[in-house]
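**Student:** A single structure is presented below for examination.
What follows is calculated from the coordinates using simple rules that are stated; it is not laboratory data. Model, not experiment: these values are computed from the prediction. Using ideal geometry, Cβ is built from the backbone for each residue, glycine included, and neighbour counts are taken over all protein chains shown.
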Amino acid sequence: MATMARTNTGLAYPDRFYAAASYAGFGGSPNSANKDVASKFSNEVALILYALYQQATVGPCNVPKPSPWSPVEQRKWKSWQQLGNMVSAEAMRLFVKILEEEDPGWYSRTSNSVESVRDVQMNHNSNGEPIIENGNSFAETKTISAENGSLMEAQDKDIVLEGLGPVVVYDQWVSPPIKGQRPKARYEHGAAVVQDKMYIYGGNHNGRYLSDLNVLDLRSWTWSKVEASIESKSEESPSPVNIAPCAGHSLIPWENKLLSIAGHTKDPSETIQIKAFDLQTGTWSILKTYGKAPVSRGGQSVTLVGSTLVIFGGQDAKRTLLNDLHILDLETMTWDDFDAVGVPPSPRSDHAAAVHAERYLLIFGGGSHATCFNDLHVLDLQAMEWSRPTQQGEIPSPRAGHAGVTVGENWFIVGGGDNKSGASETVVLNMSTLVWSVVTSVEGRVPLASEGLSLVVGSISGEDILVSFGGYNGRYNNEVNVLKPSHKSTLQSKIMEAPAPDSVSAVRNATNPTRDLESDFEVGQEGKIREIVVDNNDSERMKSKGEETSELIIATLKAEKEELESSLNKEKLQSLQLREELTQAETRNTDLYKELQSIRGQLAAEQSRCFKLEVDVAELRQKLQTMETLQKELELLQRQKAASEQASLNAKQRQGSGGVWGWLAGSPPQNADDA
């Protein structure tokens, strides 16, 4: 049965900002609980709020620097000046975000004067009826339901609806209102975000590999299926391209394509295949690679570092666990394998990997056939050396099949399990200090405590959100869950002030204001503000020391930035040269191949002619043998003829000799005819 209730419709910007500024003590509103900002917030937060208020209402800081005799005004000026050319709308949004993190209930306490309240009809059948406001339809945002039927209670924070995308409560998983036909439930799929759209490809459902491609619009939270086609022929082979269903692969966005790397298939190939989906043409193809490709596998980690893919571990088609390391240059599509020094991680699959400062590859967890791990290994990609640093904080339990993403220098890990139960906590590792902390936990058998789920980083109104999908925890899931990390959750791992191990450099990434607010308002480790009003002498020393530290850090970062840009330009130039050389080599190879084919044709003709000559020679040899036989017979006949003639001659001689003696004896001579 439907009942009537009063609900918060929420103020739009800039009204929401002015309400927040009035509540915080800016603008002199009589409804403010306390006009003294310093009494409500810590000194550091007060400085940040002041700077954002000035940036939103006045604009970039163009006023002269205050006198050194006014240290408080100097700090306020410096905090404002560090915002640079941040636009007014962004400053308003960040002001409200920080206030919500510091005082989650501020909005409800100012509702009497700044909030419009209206009656809406609430339907308690939990069907997610849309709320109609100003002609726009907004679906209700639901919290995650545990298996025992109890709801995970959210903290006292407002859920603000902007457009069709909910900005969810901080540090809590919620289930957004989903539209469209959901994909088939699955795990071990690939996921990637391109322009506010999350793509899901492949996976495993009931032991069957999938090949469908689905997309979730993170603005409207609407699912749709991508009707992809397959190239009939590739550039290298005239035979049709076969895009086989797969699971345990990795999906990486690169330029205008989605790259599907490796994965288990029904009929595995000998080596890793790189499949590419062109987002413009909507076609699948198989990319040609050079060099020695790694053996086919699934459950590996694939990390994008610049323009290269770093591939580690996994399990091959014979269920042999691997711990080899391979690199694929995406510009030349050339494979290379490395033998790093040090002790590598033991062979494993279904682990998580991340890169820090474009130099350090971190490997966490994973499993073998007998056990799961919670060890952390670091590979220095410049020195190519493995190390196993000491972890600090709340170290996660052993797990495999988990998923991880990075936001600034923080690495969020979700899900996974140890073949007995799923991991219920969402944890974060500060990659500079290697300190673990727990962001939140779930209860019951929910999709977030699953193996083989996916996790990506999206954005709503400029704020980072974590989006999970799918997984397996005794049943296959196709649920979508969202978490918006707060400013506190990304900084709480820094509370333990411990030096970073030697194996991990404490390099601070230059991130945008929505990812790491601390970088926008950094005043130096030695110059943290403890009070707004302090003694002039103490503040002078703190100011001087903080400025020196900040200037030193800025100079160091600028030098490193210039060095990195120079190295990057050199690498790009070298890459272009190599690409030209590769093109020339391919051209020479084509010419040589054509010449080889011509020579092969000439050789075949010569071989045919030689064969005919051999036949002729054999015939001549046979004739020669016949002639030799005839010669011998002729010689025999000639000898017989000579013998016959000699015998005839002898007979004539004897005949002549008998006539003389007969005459002497008185015998008459015979006529020649008688003889």
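**Student:** Can you find, among Val341, Thr320, Gln392, the residue farthest towards the positive end of the dipole of region 294-394? Put +1 on the C-beta of Lys and Arg, -1 on that of Asp and Glu.
**Tutor:** Checking the options against the dipole of region 294-394, the answer is Thr320.
**Student:** Can you tell me how much longer the chain between Ser346 and Lys572 gets when fully stretched, taken as 0.36 nm per residue apart minus their C-alpha distance, in nm with one decimal? Present the calculation step by step, with values, prior to reporting the outcome.
**Tutor:** Working: separation 226, 0.36 × 226 = 81.36 nm, distance 3.48 nm.
So the chain would gain 77.9 nm between Ser346 and Lys572.
**Student:** Take the Cβ-Cβ distance between Phe338 and Arg475 as r, set R0 to 45 Å, and report the resulting FRET efficiency rounded to the nearest 0.05. All intermediate terms of the calculation are to be shown ahead of the outcome.
**Tutor:** On the way: r = 41 Å, r/R0 = 0.90.
In this case the efficiency is close to 0.65.
**Student:** Once Rh for region 327-430 is found with the Kirkwood sum over Cα pairs, what is the Stokes-Einstein diffusion coefficient at 4 °C and 1.567 mPa s, in µm²/s?
**Tutor:** Numbers: Rh = 14.7 Å.
Calculated translational D: 88 µm²/s.
**Student:** Order these by the 10 Å Cβ neighbour count, fewest first: Val241, Val174.
**Tutor:** On the way: Val241 15, Val174 18.
Ranking Val241, Val174 by Cβ neighbours within 10 Å, fewest first, gives Val241, Val174.
**Student:** Tell me, what is the FRET efficiency for Thr587 and Leu287 to the nearest 0.05, using R0 = 22 angstrom and their Cβ-Cβ distance as r?
**Tutor:** It comes out at approximately 0.60.
**Student:** Where does the charge balance sit around Thr334 when Lys and Arg score +1, Asp and Glu -1, over other residues with C-beta under 13 Å from its C-beta?
**Tutor:** Values: positive: Lys288, Lys292, Arg579; negative: Asp329, Glu331, Asp336, Asp337, Glu581, Glu586.
Neighbourhood net charge equals -3.
**Student:** Could you put Glu409, Glu227, Glu101 in order, starting from the residue whose Cβ has the fewest other Cβ atoms within 10 Å?
**Tutor:** Working: Glu409 23, Glu227 8, Glu101 17.
Ranking Glu409, Glu227, Glu101 by Cβ neighbours within 10 Å, fewest first, gives Glu227, Glu101, Glu409.
**Student:** Shifting gears a bit: Please state the Cα pair-distance histogram of region 423-485 with 10 angstrom bins from zero: what percent is in each bin?
**Tutor:** With a bin width of 10 Å, the distribution comes to 21, 46, 29, 4.
**Student:** Let me ask another. Could you calculate the FRET efficiency of Ser608 with Ser461 from 1/(1 + (r/R0)^6), where r is the beta carbon distance between them and R0 is 60 Å, rounded to 0.05?
**Tutor:** For R0 = 60 Å, the calculated efficiency reads 0.20.
**Student:** Tell me the label-point distance for the pair Val194, Asp278, using the 7 Å Cα-to-Cβ offset, in nm and rounded to one decimal.
**Tutor:** Simple spin-label model gives 1.2 nm for this pair.
**Student:** Arranged by the count of other C-beta atoms within 10 angstrom, fewest first, what order do Leu258, Leu379, Leu453, Leu636 take? Before the final figure, lay out each step's value.
**Tutor:** Values: Leu258 21, Leu379 26, Leu453 29, Leu636 10.
By the 10 Å Cβ count, ascending, the order reads Leu636, Leu258, Leu379, Leu453.
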